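All remarks here apply to the structure that follows.
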Amino acid sequence: MAAKLKKGDKVVMLAGKDKGKEGTISSIDPKSNKAVIDGINIAIRATRQTQESQGGRIPKAMPVDLSNCALIDSNGKPTRVGFKMDGDKKVRFAKTTGDVI
């Protein structure tokens, strides 16, 4: 099945402690239906020092469920995503405006 949200999409949170915040999807896991969004759902993780990185308490973005995210359309509003055929290609479109994403 095709993914409604993909890496690089600008989304807004619909629920949770970061409700209303906007961010960009940096990675996605379709198997667990979760995504990591920059600047959203930040948790402090203690890491050990290595030769490459300094140890300590590092803020890290944790995965959120895709059902709590909505794509932002061209008007800056949250929208649902649909699929339609554009010629012989299947494309995503915003349900609010009808624009192809």
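The values are calculated or read from the model by the stated rules, or taken from the named source; none is laboratory data. All values derive from a computational prediction rather than experimental measurement. Please note: Cβ atoms are built from the backbone with ideal geometry, for glycine as well, and neighbour counts cover all protein chains shown.
Looking across the range 1-45, the residues that are in contact with a helix residue (DSSP H, G or I) (Cβ under 8 Å, 6 or more places away or on another chain) and small (G, A, S) come down to A15, G16, A35. Looking only at residues in the range 75-101 that are of a type in the set (A, V, I, L, M), surrounded by 13 or more Cβ atoms within 10 Å (Cβ to Cβ) and modelled with pLDDT of 90 or more, the one that is farthest from the chain's Cα centre (by Cα) is V91. Among the criteria (1) in a strand (DSSP E or B); (2) under 21 Å from K4 (Cβ atoms); (3) modelled with pLDDT under 95, the one S26 does not fulfil is (3). Restricting V11, V36 to residues that are in contact (Cβ under 8 Å) with a residue 40 or more places away in the chain, in a strand (DSSP E or B) and not aromatic (F, W, Y) narrows the list to V11. Scanning the range 39-61 for residues that are assigned to a loop (DSSP other than H, G, I, E, B), within 21 Å of K10 (Cβ to Cβ) and not β-branched (V, I, T) yields G39, N41. Within the range 60-79, residues that are under 14 Å from K7 (Cβ atoms) sit with their Cβ atoms under 6 Å from residues that are in a strand (DSSP E or B) and not β-branched (V, I, T), at 6+ positions apart or across chains, in these pairs: P63/K34; L66/A35. Among the residues of the range 88-96, is there at least one that is in a helix (DSSP H, G or I) and of a type in the set (A, V, I, L, M)? No.
If I ask for residues that are surrounded by 13 or more Cβ atoms within 10 Å (Cβ to Cβ) and of a type outside the set (S, T, N, Q), which ones from the range 17-37 would you list? If the condition is that a residue be surrounded by 13 or more Cβ atoms within 10 Å (Cβ to Cβ) and of a type outside the set (S, T, N, Q), then D18, K21, E22, G23, I25, I28, K34, A35, V36, I37 are the ones that fit. Within the range 17-36, being within 12 Å of L66 (Cα to Cα) and over 8 Å from the mean Cα position of the chain (by Cα) holds for D29, P30, K31, S32, N33, K34.
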